[in-house]
1. Does residue 1 count as touching a residue at least 12 places away in the same chain (Cβ under 8 Å) and either closer than 30 Å to residue 197 by Cα or surrounded by 15 or more Cβ atoms within 10 Å (Cβ to Cβ) (or both)?
2. Out of the stretch 1-50, which residues are hydroxyl-bearing (Ser, Thr, Tyr) and at pLDDT below 95?
3. Please count how many residues of the stretch 41-62 are in a loop (DSSP other than H, G, I, E, B) and open to solvent by less than 20 Å² (accessible area, probe 1.4 Å).
4. Looking at the stretch 64-119 only, could you name the residues that are closer than 30 Å to residue 353 by Cα, at pLDDT below 95 and surrounded by fewer than 19 Cβ atoms within 10 Å (Cβ to Cβ)?
5. Do we have residue 227 as under 30 Å from residue 55 (Cβ atoms) and not small (Gly, Ala, Ser) here?
6. If we scan the stretch 178-185, do we find a residue that is hydrophobic (A, V, I, L, M, F, W, C) and surrounded by fewer than 20 Cβ atoms within 10 Å (Cβ to Cβ)?
7. Considering (1) in contact (Cβ under 8 Å) with a residue 12 or more places away in the chain; (2) part of a loop (DSSP other than H, G, I, E, B), say which one residue 149 fails and leave the rest.
8. Identify, please: which residue in the stretch 343-365 is outside any strand (DSSP E or B) and modelled with pLDDT of 90 or more and is, among those, least open to solvent (accessible area, probe 1.4 Å)?
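The values are calculated or read from the model by the stated rules, or taken from the named source; none is laboratory data. On a predicted model such as this, the values are computed, not experimentally measured, just so you know. Ideal geometry is used to build each Cβ from the backbone, glycine not excepted, and the neighbour counts take in all protein chains shown. What goes into the accessible areas is simple: the full protein's heavy atoms, side chains included, and nothing from ligands, DNA or RNA. Shrake-Rupley method; radii C 1.70, N 1.55, O 1.52, S 1.80 Å.
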Amino acid sequence: MKNIKLMNKIAACGTDRFDRAVYNVGEDVAGADAIMVRSAALHDMEFNPELLAIARCGAGVNNIPIDRCSEAGIVVFNTPGANANAVKELVLCALTLASRGIIAGIDWVKTIGEGQDVAKTVEKGKGAFAGVELAGKTLGIVGLGAIGGLVANVATHLGMDVIGYDPYITVDAAWRLSRSVRHARSLDEIYEQADYITLHIPSLPTTRGMINIESLAKMKNGVRLINLARADLVNVPDIAAALESGKVASYVTDFPTEETVKVPGIINIPHLGASTGEAEDNCAVMAADELKDYIENGNIRNSVNFPNIDMPATGNRKVVVLHKNLPSLIAGITSVLSGRGINIENMTNKSRGDNACTLLEIADGKFAGLEDEISASISAIQGVLRVRFI
């Protein structure tokens, strides 16, 4: 039996992907072979040596100690695109909330006293909540991945002029973009041209605090900012000062903090980006399928710390080796097998930065009880992180 530990409530349509004759799935599972997690923080969690993989039901992996997992040969998966539509729809809501006094107006209507003529009072007071329209305005999108691309396309249908910046855009993502989306060659182009700016990038050392006093100074007066990506992309004291001065007309964030809830002009959404039944289902199913494919076949899809790699199942045995991306390491692996008279039927290797994975196919029966010896010999090679037999 393989043990799948759930660190949060995971949609049943995802956990049902595991055959209960093969997998033990639950929150109380001990000795986990794999973990499924949504928002639970794992940085202080002690991982057992048998842990093979962690699947995050969502895109961000800030709650997972990626470096520690890599060193232990633990593959970390996420589910890019599974919640993209849900976030896209909330961005559309945020664009409207940033443009018009909808929230303040609704709150004001609630104050209309009993006995007042509601209709007349509303007609008299509604002017205080007037706003602007999206059509004809320029929307700057930072990050054109699964979510940013969807936002870009739908914004063109709202009559917005869309300009996007993403130096790491994939070929597939570029193909999915409307031809109406203009390409910005720098962030400064976004800052200088956009009436609205929406962020769709991960939290990295190079992106944290990117919206600050310097970048705000480059933006149009009255710019409207939307951040449904990560809280730490925006420097809150700087955005508060910009709101007070009028440089920024409104700021919508999906990440309320002690700082943001106290600032007039910040619209705090309670982290609803992926909070739809459909998104949670999509994420759970994708995460479960990723774990199953890795556990059962050694294939890796959508990992954040190891390369995507796959080898079709043929009925032969597989050796899965996670290792550092070092010269001559593969030769060391193959020499262990050839030294024992074992022929490699098929082999593939992929790398991702400092980490790599090698899959080897061996004719069934050739190991003849040598698994422990072969595993020890390969594991002894400098840079090898984990060896598995399937």
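1. no
2. 39
3. 6
4. Scanning the stretch 64-119 gives 80, 81.
5. yes
6. Within the stretch 178-185, not a single residue is hydrophobic (A, V, I, L, M, F, W, C) and surrounded by fewer than 20 Cβ atoms within 10 Å (Cβ to Cβ).
7. (2)
8. The residue in question is 353.
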